Amino acid sequence: MKKRIAIVDLGGQYCHLIGRRLRDFSVTAEIYGPDVSPKELAMHAGIILSGGPSSVYEAGAPKVQPAILELKRPILGICYGHQLLAQMLGARVEKGSGEYGPTKLSVSAEDRLFADLPKEQLVWMSHGDTVNQLPAQLIPLASTEQCPNAAFADPANGFYGVQFHPEVVQTEYGRDILGRFVSSICGLEIRSDGKDRVQKLLESIRTRVGNKSVFFLVSGGVDSTVAFVLCSKALPKERILGLYVDTGLMRKREKEDLVVNLASIGLVDRLRIKDETRLFLDKLKGVVDPEEKRRIIGGLFVDAQSRTMAECGIDEGQWLLGQGTIYPDTIESGGASGRAAVIKTHHNRSPEILALLEKGLVIEPLAEFYKDEVRELGRLLGLQPKLTNRWPFPGPGLAIRCLCTRNPEKATRLEKPLEALMESSDCEGVVIPIKSVGVQGDSRTYKHVVALRHRQQHLDYEMLQSLSTKLCNVHTTTNRVIALITGPATGLMDVFVKPATLTEERLEMLREADFIVRRRMEQAKLAEKVWQFPVVLAPISFRAGEAIILRPVNSEDGMTADFARLPTDLVHEMADEIISLRKGKIDAVFLDVTSKPPATIEWE
Ligand code: XMP
């Protein structure tokens, strides 16, 4: 009996996540490129075609060999995979109106894929193309408002396509749909008990490291701490050494917390601390492009590591560089396969690190895992919940939360049809000429932000979610929407963006605002109820100051996210405290009301 599932990676952001979902069922998946031979695929119980950033009708778009349709193996196409499978079976794929984020799906036909699931369900979409004109043998199974063939089936052959992403947690019954494909359609037994991952990981670390030692860059975050602790359990303690680089871009009390955490597990004597604040700020002076910031920071980390190794008399040939890289860091930086689009070059995927990886000098014990799995590993290793539940904090730190621009520019009105949409919601909206990173249809976007202001400054989350989804779907130069929490009563028409760079003063202001948020969330006992809570400083000005943007999100693994619906009283209290932080320096506080996709969690 063939027990594995083959996943064909067509460049999707969530391709590896499909494998992770199957791992939850104790089903093994292997990921192949589109050039995989049908003979290879025939060794599997079923085939999943992943999503991807291309259009099936474009020259050079990834294709699979038509012979895979003759293998008598069930096939499930997801997003781009759905479009590709539909096209191979004779349907037409065309540019559609695009759907990103939460979408209502109506199931219209009985089938094993949706067996016993509600007819109306919430799914997660991220596509620009649509499948039209199904040939007779394909049964339409479900639709959405914009997408007539959101799912189809050829039950006799076991061919299925879903336009949405069942692998992301926001798809309400995604786990069930994948489970039905694997069990009732591919005939595999599914189980959901955890395996002894820690033991396996320790063994693989020992094999990989041999008689070398591991030098770690630790940030105090969950991933690098769990990876550091894993290595310290796998190897004699004297064969590991951690370095904390104080970049001047960290949160308030970060360094002190790390020391306390490492002391509680007996590892503090394996830690070195290096103050590089001046160097980081000097090198980042005047840099406004987010990818450029990331490249510089990544390079400086590696540079600090080599200098420390030299200072400690460590022979490079005897050491591996340890990193707490988790899977989303790799995929968003362009993926291991090289087919996925670059969303952000995470600092642990800088060219310098890639060169070390190429030479086999890096060990990343968590490279296959997602954040929630890493937290679980941390718990299994006996780390304190305060550490394992910490909000993720990106390696480049506050540098990518302190937005910079070169040119002053005024906000502009929304186009007429959108103005009408605003009016009907009692809102005012403007396009802010500041860009932020997004992920739409598996590709990176870098687009403008729309700011909304409810005339009574009322935060109606469902209305804001619906406006934000519509705005990003319709207004194609926008990938993010923010709502004013508190600010001048003059309205948004006078808003402008002013030139700003990374300065110590701005970083300090952001650090204080971030600290207010953390303290208030902890006091309200809500810190563990949200997945992450970035606080962003943007040179969006009403008078002479700037704006702070609150970005609380719910997520499972960081690959997709929803903005968190915090009690509105708390949001207003935080905003009021932030605005009074530095007189005249902060004009307004906004709440980011965009899901991922279309926006990413961080702005840069
Ligand atoms: P985005 O912004 O892409 O982020 O939705 C997903 C998760 O990854 C974190 N992130 C990073 N973590 N180095 C990191 O260690 C980075 O360069 C980086 N960029 C984003 C982000 O905070 C979120 O948790």
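The values are calculated or read from the model by the stated rules, or taken from the named source; none is laboratory data. Small disclaimer: the values here were computed from a predicted structure and weren't measured. Methodologically, a virtual Cβ is constructed for each residue, glycine included, from the backbone with ideal geometry; neighbour enumeration extends over all protein chains shown. Only protein heavy atoms, including side chains, enter the accessible area calculation; ligands, DNA and RNA are left aside. Shrake-Rupley method; radii C 1.70, N 1.55, O 1.52, S 1.80 Å.
For the charge dipole of segment 409-592, defined by +1 on Lys and Arg C-beta atoms and -1 on Asp and Glu C-beta atoms about the Cα centroid, which residue among LEU418, VAL481, GLY545 has the Cα displaced farthest towards the positive pole?
Going by the charge dipole, the pick is GLY545.
Counting only heavy atoms of protein chains, what accessible area per residue, in Å², does segment 1-90 have with a probe of 1.4 Å?
35 Å²
So if R0 is 45 Å, what FRET efficiency would LEU122 and ARG278 give, r being the distance between their Cβ atoms, rounded to the nearest 0.05? Walk me through the intermediate numbers first.
Working: r = 49 Å, r/R0 = 1.10.
Approximately 0.35, to the nearest 0.05.
Just check the chain against the gyration tensor rule for me: Cα atoms, a ≥ b ≥ c as the square roots of the eigenvalues, rounded for a/c under 1.5, and otherwise prolate or oblate depending on whether a/b exceeds b/c.
Working: a/c = 1.87, a/b = 1.11, b/c = 1.69.
Since a/c reaches 1.5 but b/c is at least a/b, the shape of the chain is classed as oblate.
Can you give the calculated 222 nm mean residue ellipticity of the chain, where each DSSP H run of n ≥ 4 adds -39,500 (n - 2.57) and the sum is split over every residue, rounded to the nearest 500 deg cm²/dmol?
-9000 deg cm²/dmol
Quick one: length gained pulling ALA310 to SER183 fully straight, 0.36 nm per residue minus the C-alpha distance?
Between ALA310 and SER183, full extension yields an extra 40.2 nm.
Mean separation of Cα pairs under 8 Å and 6+ residues apart, divided by the residue count of the chain: what relative contact order is that in percent? Before the final figure, lay out each step's value.
Details: 1303 pairs, mean separation 72.5, N = 604.
Relative contact order here is 12 percent.
Just how large is the dipole of segment 197-394 about the Cα centre, in debye to the nearest 20, putting +1 at every Lys and Arg Cβ and -1 at every Asp and Glu Cβ?
Values: 31 positive and 27 negative charges, 77 e Å.
Charge dipole of segment 197-394: 380 debye, to the nearest 20.
Just report the Cα centroid separation between segment 63-112 and segment 451-522, whole Å.
Here the two parts' Cα centres lie 37 Å apart.
Given points 7 Å out from each Cα along the Cα-Cβ axis, report the LYS255 to ALA59 separation in nanometres with one decimal.
Using points 7 Å along Cα→Cβ, the separation is 5.6 nm.
Is there a quick way to get the dipole size of the chain? I mean about its Cα centre, with the Cβ of Lys and Arg at +1 and of Asp and Glu at -1; what is the value in debye to the nearest 20? Display every interim value, and only then the final one.
Details: 77 positive and 78 negative charges, 181 e Å.
Approximately 860 debye in magnitude.
If I compute solvent accessible area with a 1.4 Å probe over the protein chains, what percent of it on the chain is carbon and sulfur?
51 percent
For the residue pair ARG379 and GLN133, what label-to-label distance in nm results when each label sits 7 Å from Cα along the Cα-to-beta-carbon direction?
It works out to 5.3 nm between the two label points.
Below 8 Å between Cα atoms, with a sequence gap of 6+, how large is the relative contact order for segment 197-394 in percent?
Relative contact order, segment 197-394: 28 percent.
Does anything in segment 400-431 have its amide N under 17 Å from the 7 Å Cα→Cβ label point of ASP460, and if so which residues?
Answer for segment 400-431: 419-429.
What shape does segment 286-380 have by the C-alpha gyration tensor, where a ≥ b ≥ c are the square roots of the eigenvalues, rounded means a/c under 1.5, and otherwise prolate means a/b greater than b/c and oblate the rest?
Working: a/c = 1.72, a/b = 1.11, b/c = 1.54.
The shape class here is oblate.
Using a/c under 1.5 as the rounded threshold, could you call segment 409-592 rounded, prolate or oblate? The axes a ≥ b ≥ c are square roots of the C-alpha gyration tensor eigenvalues, and prolate needs a/b larger than b/c, oblate otherwise. Don't skip to the answer; put the middle values down first.
Numbers: a/c = 1.37, a/b = 1.15, b/c = 1.19.
Because its axes are fairly even, with a/c under 1.5, segment 409-592 counts as rounded.
Please give the net charge around ILE185, taking every other residue with its beta carbon less than 11 angstrom from that of ILE185, where Lys and Arg add +1 and Asp and Glu add -1.
Around ILE185, the charge tally is +2.
List the residues, sorted by chain then number, that are 5 or more residues from VAL449 or on another chain and whose placed amide H is less than 5 Å from its amide H.
Placed amide hydrogens put ILE432, ILE434 under 5 Å from VAL449.
If you restrict to DSSP beta bridges whose two residues both lie in segment 409-592, what percentage is antiparallel, to the nearest 5?
Approximately 75 percent, going by the DSSP bridge assignments.
Which residue, ILE177, HIS165, LEU85, has the largest displacement toward the positive end of the dipole of segment 40-197 when charges sit on each Cβ (Lys, Arg +1; Asp, Glu -1)?
Working it through, the farthest residue towards the positive pole turns out to be LEU85.
Could you tell me the relative contact order of segment 1-132? Use alpha-carbon pairs under 8 Å, at least six residues apart, and round to a whole percent.
The value is 22 percent.
I want to check the label-to-label distance for ALA109 and ARG543. Put each point 7 Å from Cα in the C-beta direction and report it in nm to one decimal.
So the label points at ALA109 and ARG543 sit 6.3 nm apart.
Check which residues have an amide H placed less than 5 Å from ALA151's amide H, if you skip close sequence neighbours.
Those qualifying (amide H under 5 Å, at least 5 residues apart or on another chain) are LEU141, ALA142, GLN163.
Using the eigenvalues of the Cα gyration tensor, what equivalent ellipsoid semi-axes result for segment 5-185 when each is taken as the square root of five times the eigenvalue, whole Å, largest first?
In descending order the semi-axes read 21, 19, 16 Å.
May I ask for the distance between the Cα centers of segment 10-50 and segment 422-444, given as a whole number of Å?
Answer, in whole Å: 34.
How do the peptides 571-583, 409-421, 171-183, 95-107 rank, highest first, by the average count of neighbouring beta carbon atoms within 10 Å per residue?
171-183, 95-107, 571-583, 409-421
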